[in-house]
Amino acid sequence: MSAEPKTGAPLAVLLPFKVETTRLSAPRLAPVHAALFGAGLALLAGTAWAQSGAAQLSPLEVIVKWAPLLLSGFVFNILISMVAMALGTAAGLGLGLAMLAQNPLLARVAWALTQFFRNAPWLVLLFFVMFLVPFQVTIFGVRIPLPDWAKATVGFSLPVMANVAEIVRGAVRSVPSTQWEAAESLAFTPRQIMWRIILPQCVKRMLPPWMNLYALVAMATVQASIVGVSEMLTLTAQVHTAEGGRPELFAPLYGFALLCFFLYCYPIDRFTARLERRFQIR
Amino acid sequence: MDVIPAWFQNLYETTGLNFTVFYDAYDWNRYANGLKTTLLLVVVTIVLSLVIGAVGALLQSAPSRVVRGAINAFVVVFRNTPPLVQLFFFYFGVGAVLPAGQDQFGLRQPIIDNLQWAIIALSLFAGAFNVEIFRSGIEAVPKTTVEAAEALGYTRIRAYLFIILPLALRVCLPALNNNLVNLLKTTTLAYAIAVPETLYAVKQIWSESQNVLEMMLVLFATYGVLVGVLVWIMHRWEKALRIPGYGR
């Protein structure tokens with residue numbers, strides 16, 4: 001008894017052994033990061049201005065001055081992306097179902113089309129449509145002009161179609177085969193099984209990858225500037241020229257474009273991640 | 001040796017399909033140089049983006065909050081903005097602010113040329129995706145494996161390099177495969193800052209020879225082959241790295 005240490009603390013070896021585990025979970029992001037990003041850009045704009053003479057407009061003033069025009073260009077980008085997405089989804093649904101068709105020839109052709117449009121670079125597909133589709137078509141003597149933005153929209157909807165086809169195929173394949181069998185035993189026709197039983201179950205599985213794809217399309221629309229459609233990036237370059245082509249204006253102007261797309265795509269990304277977690281198939 | 005050029009020359013004379021690249025040495029050279037630039041871009045950006053992904057995923061579990069926040073901000077920003085605008089931002093925006101030298105004619109000679117900017121911008125873009133991919137792989141490594149490594153006296157870095165990363169790599173190879181194919185396709189964006197890659201070279205050829213359709217076919221075939229080769233390599237790698245006892 002008397003040998004016991006007076007401090008009252010147990011022997012060191014008797015202490016619970018503590019292992020420092022490696023931290024592997026990443027912290028979630030908050031809107032504050034977006035605000036910091038914006039603040040950083042503003043700072044960048046400010047420092048760039050500090051280097052130049054004060055006689056000209058500061059980069060921030062330039063952006064404020066031209067913001068309505070640039071934002072209208074951005075709205076045009078969004079419009080192109082939405083129309084491309086609508087066209088691509090409709091076509092992709094058909095292509096995806098064709099890939100699952102009983103007819104082997106139809107399935108092979110649909111598969112080949114999907115692979116072709118999935119593996120070609122978006123920009124190359126855009127060039128393909130811009131250069132090889134005429135600027136107007138004549139149907140029954142009616143001349144229908146095809147403006148460049150309409151052709152660009154079609155150009156974007158081609159890769160969308162192929163990607164949606166893959167999403168549809170994957171989702172249909174993920175439905176348990178018992179569902180097909182149960183529907184068959186209830187005497188549904190194949191068409192009814194697809195439209196009334198399988199596809200409704202697929203919708204929630206398709207939603208997250210579909211939204212991911214939409215964010216990609218929205219970001220891809222700026223490529224239309226390369227082929228001369230006057231969307232945001234084209235307007236940005238024109239604004240830069242109009243402001244005298246000062247080199248220190250490049251970073252703030254393109255930074256503004258980055259910010260617009262970030263503010264548009266980031267919420268989609270977050271929402272997609274949330275849906276993905278909710279619909280996770282375990 | 002002259003069979004192929006002669007055949008394509010004949011094809012042009014009989015059908016009007018003008019594949020200049022296959023019989024005109026000058027056009028062939030331009031196309032081959034474009035292909036070389038594309039290959040250089042693809043290989044260098046793949047390697048760099050993998051390094052960025054691995055380092056970023058390691059830093060995501062760093063003890064410092066600031067480092068973790070910075071990596072997350074990097075990933076979020078680069079994932080949610082268009083790669084083309086990133087490219088312009090770097091090439092025009094940052095490139096214009098950086099100091100530049102002069103060549104013997106007194107022209108502005110930037111310290112980082114357009115090819116290098118394309119490599120930097122594309123690597124960062126693909127690297128941001130790779131960070132997320134590696135993170136998902138790391139999360140799939142069983143906690144017990146990490147603890148076992150620690151019990152064996154591995155330091156954090158060594159456990160990451162020798163235990164966690166090799167296991168995570170195997171888990172995330174399919175996703176990585178997808179992203180690298182995407183990166184290959186994104187290299188065409190370097191066209192926009194006049195990097196003489198395949199699309200750029202082909203565009204030059206078709207604007208001179210007026211053979212858009214034929215060159216477009218060549219372009220599609222080129223990228224089809226490139227993607228095919230990359231996918232084949234990745235599948236071979238996936239097979240070689242397979243963990244026995246997992247999956248089918």
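Would you confirm whether any residue within the range B:204-212 is open to solvent by 10 Å² or more (accessible area, probe 1.4 Å), out of contact with any helix residue (DSSP H, G or I) (no Cβ under 8 Å at 6 or more places or on another chain) and farther than 14 Å from B:Arg30 by Cβ?
Within the range B:204-212 (the criterion being open to solvent by 10 Å² or more (accessible area, probe 1.4 Å), out of contact with any helix residue (DSSP H, G or I) (no Cβ under 8 Å at 6 or more places or on another chain) and farther than 14 Å from B:Arg30 by Cβ), the answer is yes, since at least one residue qualifies.
When the residues of the range A:114-148 are filtered to those that are more than 21 Å from B:Glu214 (Cβ to Cβ) and assigned to a helix (DSSP H, G or I), which remaining residue is nearest to the other protein chains (Cβ to nearest Cβ)? First the steps, then the outcome.
Filtering the range A:114-148 down to residues more than 21 Å from B:Glu214 (Cβ to Cβ) leaves A:114-115, A:118, A:122, A:136-148.
Then drop every residue that is not assigned to a helix (DSSP H, G or I), which leaves A:114-115, A:118, A:122, A:148.
On the way: A:Thr114: 13, A:Gln115: 9, A:Arg118: 9, A:Trp122: 7, A:Asp148: 16 Å.
Looking at the filtered set, the residue picked out is A:Trp122.
I'd like the full set of residues that are within 12 Å of chain A (Cβ to nearest Cβ) and not in a helix (DSSP H, G or I), limited to the range B:154-195.
Within the range B:154-195, B:Tyr154, B:Thr155, B:Ala194 meet the criteria.
Among (1) within 14 Å of chain A (Cβ to nearest Cβ); (2) within 21 Å of the chain's Cα centre (by Cα); (3) closer than 16 Å to B:Glu132 by Cα, where does B:Val42 come up short?
Unmet for B:Val42, out of (1) within 14 Å of chain A (Cβ to nearest Cβ); (2) within 21 Å of the chain's Cα centre (by Cα); (3) closer than 16 Å to B:Glu132 by Cα: (3).
For the range A:221-255, name all the residues that are small (Gly, Ala, Ser) and facing another protein chain (nearest Cβ under 8 Å). It would help to see each step written out before you state the result.
In the first step, residues of the range A:221-255 are kept if they are small (Gly, Ala, Ser); the result is A:224-225, A:228, A:230, A:237, A:242, A:244-245, A:251, A:255.
Answer for the range A:221-255, where residues must be small (Gly, Ala, Ser) and facing another protein chain (nearest Cβ under 8 Å): A:Ser225, A:Ala251, A:Gly255.
When the residues of the range B:140-153 are narrowed to those that are more than 9 Å from every other protein chain (Cβ to nearest Cβ) and among the hydrophobic types (A, V, I, L, M, F, W, C), which ends up surrounded by the fewest Cβ atoms within 10 Å (Cβ to Cβ)? Show your work before the answer.
First, pick out the residues of the range B:140-153 that are more than 9 Å from every other protein chain (Cβ to nearest Cβ): B:140, B:142, B:144-145, B:148, B:152-153.
This time we only want the ones that are among the hydrophobic types (A, V, I, L, M, F, W, C), so: B:140, B:148, B:152.
Details: B:Ala140: 12, B:Ala148: 13, B:Leu152: 10.
For the range B:140-153, the residue satisfying everything is B:Leu152.
Could you list all residues from the range B:84-98 that are more than 7 Å from chain A (Cβ to nearest Cβ), in contact (Cβ under 8 Å) with a residue 24 or more places away in the chain and open to solvent by 10 Å² or more (accessible area, probe 1.4 Å)?
B:Phe90, B:Tyr91
For B:Ile71, are the conditions met, namely being more than 11 Å from every other protein chain (Cβ to nearest Cβ), surrounded by 13 or more Cβ atoms within 10 Å (Cβ to Cβ) and β-branched (Val, Ile, Thr)? Don't jump to the end; show me each part of the working.
Working: more than 11 Å from every other protein chain (Cβ to nearest Cβ): no; surrounded by 13 or more Cβ atoms within 10 Å (Cβ to Cβ): yes; β-branched (Val, Ile, Thr): yes.
So B:Ile71 fails the test.
If you go through the range A:188-209 one residue at a time, do you hit one that is out of contact with any His (no Cβ under 9 Å at 6 or more places or on another chain), in contact (Cβ under 8 Å) with a residue 60 or more places away in the chain and under 20 Å from B:Arg79 (Cα atoms)?
yes
Please go through the range A:217-264 and pick out each residue that is farther than 22 Å from B:Thr188 by Cα, at pLDDT 90 or above and hydroxyl-bearing (Ser, Thr, Tyr).
A:Tyr264
Identify, by number, the condition in (1) open to solvent by less than 40 Å² (accessible area, probe 1.4 Å); (2) within 27 Å of B:Asn182 (Cα to Cα); (3) more than 14 Å from chain A (Cβ to nearest Cβ) that B:Val51 doesn't meet.
Condition (1) is where B:Val51 drops out.
Across the range A:149-179, what is the total count of residues that are open to solvent by less than 60 Å² (accessible area, probe 1.4 Å) and closer than 26 Å to B:Met215 by Cβ?
Total satisfying the criteria: 13.
As an exercise: evaluate B:Asn130 against (1) closer than 30 Å to A:Val32 by Cα; (2) at the interface with chain A (Cβ under 9 Å from one of its Cβ atoms); (3) in contact with a Leu (Cβ under 7 Å, 6 or more places away or on another chain) and give the number of the one condition it does not meet.
Here B:Asn130 clears every test but (2).
Here's the yes/no breakdown for (1) part of a helix (DSSP H, G or I); (2) of a type in the set (Asp, Glu); (3) open to solvent by less than 20 Å² (accessible area, probe 1.4 Å):
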position	(1), (2), (3)
B:Asn29	yes, no, no
B:Leu35	yes, no, no
B:Leu40	yes, no, no
B:Ala62	no, no, yes
B:Val75	yes, no, yes
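Within the range B:101-118, which residues are open to solvent by less than 50 Å² (accessible area, probe 1.4 Å) and not in a loop (DSSP other than H, G, I, E, B)?
Within the range B:101-118, the subset open to solvent by less than 50 Å² (accessible area, probe 1.4 Å) is B:101, B:103, B:106, B:112, B:114-115, B:117-118.
Selection gives B:Gly101, B:Asn114, B:Leu115, B:Trp117, B:Ala118.
The values are calculated or read from the model by the stated rules, or taken from the named source; none is laboratory data. Keep in mind that what you see is a predicted model, and the values were worked out from it rather than measured. Here Cβ is always computed from backbone atoms with ideal geometry, including for glycine, and neighbour counts include all displayed protein chains. The area values use the complete protein model at the heavy-atom level, side chains included, leaving out ligands, DNA and RNA. Shrake-Rupley method; radii C 1.70, N 1.55, O 1.52, S 1.80 Å.
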